[in-house]
2 protein chains.
Amino acid sequence: MSEEFTLNIEESNAPHAPPKVDYGAVPASATGGFSSNLASSPYHPVTPQNLLPSPSIPYKPLTVQMQQDLSSAECDAVASVQTMADECELGFRETNQSITADPAKDLYKAMYEWIDLNQNVFVSRLAEAVAIPSVSGDPTLRPRVLQTVAWATKWCESLGGVTEPVDLGLQTLPDGSRIVRPPALFATFESTLPDVPTLCVYGHLDVQPASKEDGWDTEPFQLTEKDGNLYGRGATDDKGPVLCWLWFVEFHRKFNLPLPCNLKCVFEGMEESGSEGLEECLKSVSETFFHDVDGICISDNYWMGLERPCVTWGIRGNVYFAVEVRGGTKDLHSGAHGGAVQEPMTDLIKIMSTLVDSATGKILVPGIYDEVDELTEEEKERYERCDFDVASYANEDTGGMPLLSQDKATILMARSRYPTLSLHGIEGAFAGAGAKTVIPRTVVGKFSIRTVPHMTIDHVAECVKRHVVKVFDTLGSKNRLKVNVIHAGKPWMGDLNGYNYRAAAAATKQVWGVEPDYTREGGSIPITLTFEEVSGGKPAILLPIGQGDDGAHSQNEKISRRNYIVGAKTLGTYVYEFSRMTQEEKAKH
Amino acid sequence: MSEEFTLNIEESNAPHAPPKVDYGAVPASATGGFSSNLASSPYHPVTPQNLLPSPSIPYKPLTVQMQQDLSSAECDAVASVQTMADECELGFRETNQSITADPAKDLYKAMYEWIDLNQNVFVSRLAEAVAIPSVSGDPTLRPRVLQTVAWATKWCESLGGVTEPVDLGLQTLPDGSRIVRPPALFATFESTLPDVPTLCVYGHLDVQPASKEDGWDTEPFQLTEKDGNLYGRGATDDKGPVLCWLWFVEFHRKFNLPLPCNLKCVFEGMEESGSEGLEECLKSVSETFFHDVDGICISDNYWMGLERPCVTWGIRGNVYFAVEVRGGTKDLHSGAHGGAVQEPMTDLIKIMSTLVDSATGKILVPGIYDEVDELTEEEKERYERCDFDVASYANEDTGGMPLLSQDKATILMARSRYPTLSLHGIEGAFAGAGAKTVIPRTVVGKFSIRTVPHMTIDHVAECVKRHVVKVFDTLGSKNRLKVNVIHAGKPWMGDLNGYNYRAAAAATKQVWGVEPDYTREGGSIPITLTFEEVSGGKPAILLPIGQGDDGAHSQNEKISRRNYIVGAKTLGTYVYEFSRMTQEEKAKH
């Protein structure tokens, strides 16, 4: 056991005076001092009823007014943010006890207690973040994305972080005009401890579009608590998780505790718009910002189910195809010309009908399964163990869309460890309501194949192209065919036995008292691969805090109060465990 | 031969003084006096070079300012119409000769000469009509449709017509809001002759959308002459033909000539938006407005080719299907859920792929050809005779979309006397540019079958429903299927041996010097059937004046100056021939 360093906290009535702390000696190495006491720290439920407001320490809103003129509607929105913050009379409540820097002794306990005590502040701050409609997909709301980045920058700076807004250049809109991409926020929090590792965390500050008219039960940009859930656009994707990282720093700042490792944050504002510009940016700082990064943590996905936390160790890739069938130079009237011409739609629909089987979901493109890894017994068991309720998935998550299988492991594997093909739609065809009698001149069928290790983009593209051309050739059509890959991302798997995964597992056990599920994501998070690449192959991990029913891109997106608050504990604990495991790993070599 | 009545015209410098005419006695019956001198009246080419402006008789614009406030942009548009009209210094030039009311002697000659002499006025008036962007499909332009109806009303009134704007009720927009449908304009021009028949003519004053950005070479709402063509939205569909009917009345008004029959005009403003409300309206006046109608003429379609005029004696019907495959209540992310769910798109695409053959265009729905009339040798010969250039059709009309056959008669029959099935698109699927990874919750496939005599809507619907359900059943899908007919119109054929067709053929021979082609339309003009119905089975005819390459719904819509001017002669001559043939027919019974 290493020496302990203790800090004694006395309650203070002065709003912003730092707590009085009695530093012990800083240990030469913190590694030995970490030993999670798992058995004694099961998940203890949050009891908001016990929390009383502390009017003497008013909550300070972070809202940042934009430099540029805002429209009247925008001003109203900002005003409402201000009002909401002003109305929040909660202040940070401080723990009435000594804290040692030894996680095994006091630190976790104090951190958890501080988080529990201040959870209403956490919620207020999340409400403030949600209130800024930072929809990156809507150019008219671009100023609000910039505002959100500025808001987070201000907070990071108040926590002593070194911030850097990184210019990501211009975005070209469909009409050809160009607008500024929101800068990425790079924030570095140096530990005062020597020789600690460096953790890079990633999150995003932008959100999907949302409006009450889309079917929300509450105002999407007004965080609303109902039955223990915090409803609001961005609550779980990804403002909640981003805030958790900063609460971790806030806690250490509050008590003048040294961070267990250096923390480098990358928070972007274009994730919901394809993370435009970020990949190039990260590559350009590979030798600088990333030179000392020992691991990456991304909290931007979700548990499989509702109760058991998970660690995500794989994501599917995606190869997105656009099959174009070109007829003539103009749309034709089906009355005037139907019967005379070879309609591109007829050809395209025939092609699209040969790609996937309705009854099984099996991809019908020859060769497509050639590169898929064999299923191991261990893997299968992991899926069988997962906390995942088929009935609730069928009813809620998929909105009642019929399942191809009712078996839990089969569903989970179909969603994440096997490839799938989805037909998304047709560009150029009539898509509106009502009856339009058009023969579209050119139609582009859109479909994508989710890929898994160790499928390669080249092989997938080759199989699809060969198949589509072959089908088209049988049609006897004189239209012109083009098969394009318009987007491609590789699948990814982490090393479950590596230090980053061991850290996440330990943190999960520490906070939740259970072994996490080991899941793979069905969707693509291509930035994961980029982070590993730019850090020279350092391991990345996906450590979600939201539940499987959070509805990230849907109406009524939410994060439960429990998952947000305990998520803050989990991510905080993970940073400690990451520091410990990384140092253990380094000591081996 | 009946008596002649002669009118002598002296040139007058007073702008609006009626020409001095010397009426002869009005004949008790005009029938005997009609005998077209076909041999001596071949088509005489229009020579605009010979036309000189006549500044002493300024052109009087008809532009009607709307009562309601127009937006600034709208005011600009109105101003430009005014300016254009003001700049036109052409006035009516009057013929310097006697006119008798006997078509066989002087009347046709005088009418044709007057039309030729005043053709620049005709073009200016058409420019004025085109300048009002009366796009019925764009609710923001609804005031301009109303303005166009008011404009036509004013003209009709100035010609002594009894006008009646007929309220067609409200239109419900997709967002649920309601706006007024443009009133239909009913205008009646009574003949001063006793016991003459009554002809009802139909046209529409609204147009398809158009903007320069869509690929027009000229401003779509600014009539522009180039190489003998008058380019502008609505020039041929259907403002040009509507104006021709009024020029016919204008000529008679100008020379105080009695109309050869009563003329009842129905001009609507919603044709391009499904003629909403008109059918009910026509039915409601079946016993009043239509009680004395002896025949109907619709000039709202086109020749097959470029040179030979035609008379159209059939139109295809249309049964428009919406096949809905419903999965769940929300769209899903293809990464998160692809593989787990039975995707509605997969099912729908399979169904749509079984409807029509790519190589032949043959409909694959069993039973669909059961009710199609056998082809007669006479019919086939009519198609073989048609003025129709396959090469120009392939290159220009279809914009290069490959043809299913290169044989003229086969193409024409495929377009008009056989049924065809076109796949239009999918509602609910992704239709935009780029890559969206959505699993649509519900998709609705849209396709329609053009029907021909004597296919019935019920049989077609039954065949399709049975087929679609059968295919769906083989898919093993748990999604929910619905097959709806969302629009249906019957096919129609006129009686080629009836008086209305004999009149149109005679007029065509009189003006163009050739036997018309007898064509059938591929598209549906359902109002044709309604007119026949509400007039108690009186014959309708389609008498187009525009060429096959006019591009009614496309970019660069045009009518050639020749077809507009000679079209005015044709429709005018047709009215005389209609009167004659109808009276002959009545005399038989």
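The values are calculated or read from the model by the stated rules, or taken from the named source; none is laboratory data. Being a predicted model, the structure only gives us computed values, none of them experimental. Glycine gets a Cβ as well: all are built from the backbone with ideal geometry, and neighbour counts include every protein chain shown.
Quick look at the values:
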| read-out | value |
| --- | --- |
| Residue list for the stretch B:475-493, filter: away from chain A (no Cβ under 14 Å) and at pLDDT below 95 | B:Met493 |
| Whichever residue in the stretch B:437-455 is over 21 Å from B:Leu364 (Cβ atoms) and not in a strand (DSSP E or B) and, among such residues, is farthest from the chain's Cα centre (by Cα) | B:Thr437 |
| Restricting the stretch B:408-454 to residues that are closer than 19 Å to B:Tyr383 by Cβ and aliphatic (A, V, I, L, M), the residue that is surrounded by the fewest Cβ atoms within 10 Å (Cβ to Cβ) | B:Ala409 |
| Within the stretch B:325-345, tally of residues that are under 42 Å from the mean Cα position of the chain (by Cα) and either of a type in the set (Asp, Glu) or at pLDDT below 95 (or both) | 1 |
| Number of positions in the stretch B:219-274 that are polar (S, T, N, Q) and free of Cβ contacts under 8 Å to residues at least 12 places away in the same chain | 1 |
| Of all residues making up the stretch B:410-427, the number that are facing another protein chain (nearest Cβ under 7 Å) and either acidic (Asp, Glu) or part of a helix (DSSP H, G or I) (or both) | 4 |
| Residue selected from the stretch B:385-397 under the condition more than 11 Å from B:Thr519 (Cα to Cα) and of a type in the set (Asp, Glu), by the criterion nearest to the other protein chains (Cβ to nearest Cβ) | B:Asp397 |
| Filter pass, A:Val514 being away from every other protein chain (no Cβ under 14 Å), within 27 Å of A:Thr346 (Cβ to Cβ) and either among the small types (Gly, Ala, Ser) or not in a strand (DSSP E or B) (or both) | no |
| Filtered residues of the stretch A:468-495 (kept if acidic (Asp, Glu) and under 30 Å from A:Val341 (Cβ atoms)) | A:Asp473 |
| Single condition A:Asp458 does not satisfy, out of (1) at pLDDT below 95; (2) within 35 Å of the chain's Cα centre (by Cα) | (1) |
| Restricting the stretch B:127-179 to residues that are among the acidic types (Asp, Glu) and closer than 30 Å to B:Leu257 by Cα, the residue that is farthest from the chain's Cα centre (by Cα) | B:Glu157 |
| Test: residue in the stretch A:376-384 that is touching a helix residue (DSSP H, G or I) at 6+ places or on another chain (Cβ under 9 Å) and aromatic (Phe, Trp, Tyr) | yes |
| Residue match in the stretch A:359-369 (condition: within 8 Å of another protein chain (Cβ to nearest Cβ) and either of a type in the set (Gly, Ala, Ser) or under 24 Å from the mean Cα position of the chain (by Cα) (or both)) | yes |
| Residue identified as buried (at least 20 other Cβ atoms within 10 Å of the Cβ) and within 14 Å of chain A (Cβ to nearest Cβ) among B:Thr519, B:Thr508 | B:Thr519 |
| Test: A:Val356 is facing chain B (nearest Cβ under 8 Å), among the β-branched types (Val, Ile, Thr) and touching a Ser or Thr at 6+ places or on another chain (Cβ under 9 Å) | yes |
| A:Gly498 being at the interface with another protein chain (Cβ under 7 Å from one of its Cβ atoms) and farther than 15 Å from B:Val341 by Cβ | no |
| Residue count, the stretch A:385-409 (criterion: among the hydrophobic types (A, V, I, L, M, F, W, C) and in a helix (DSSP H, G or I)) | 4 |
| Per-region count, the stretch A:416-438, residues modelled with pLDDT of 95 or more and β-branched (Val, Ile, Thr) | 2 |
| Condition met for B:Ser191 (surrounded by 15 or more Cβ atoms within 10 Å (Cβ to Cβ), assigned by the TED database to the domain that holds B:Leu259 and of a type in the set (Gly, Ala, Ser)) | yes |
| Filtered residue count, the stretch A:398-409, keeping only those that are at pLDDT 95 or above and facing chain B (nearest Cβ under 9 Å) | 5 |
| Candidate set from the stretch A:530-550 (those that are in contact (Cβ under 8 Å) with a residue 60 or more places away in the chain and of a type in the set (Gly, Ala, Ser)); member that is surrounded by the fewest Cβ atoms within 10 Å (Cβ to Cβ) | A:Gly536 |
| Among (1) in a helix (DSSP H, G or I); (2) within 28 Å of the chain's Cα centre (by Cα) - the single one B:Leu348 does not satisfy | (2) |
| Condition broken by A:Glu371, with the remaining ones in (1) in a loop (DSSP other than H, G, I, E, B); (2) buried (at least 24 other Cβ atoms within 10 Å of the Cβ) satisfied | (2) |
| A:His459 in a helix (DSSP H, G or I), buried (at least 19 other Cβ atoms within 10 Å of the Cβ) and not aliphatic (A, V, I, L, M) | no |
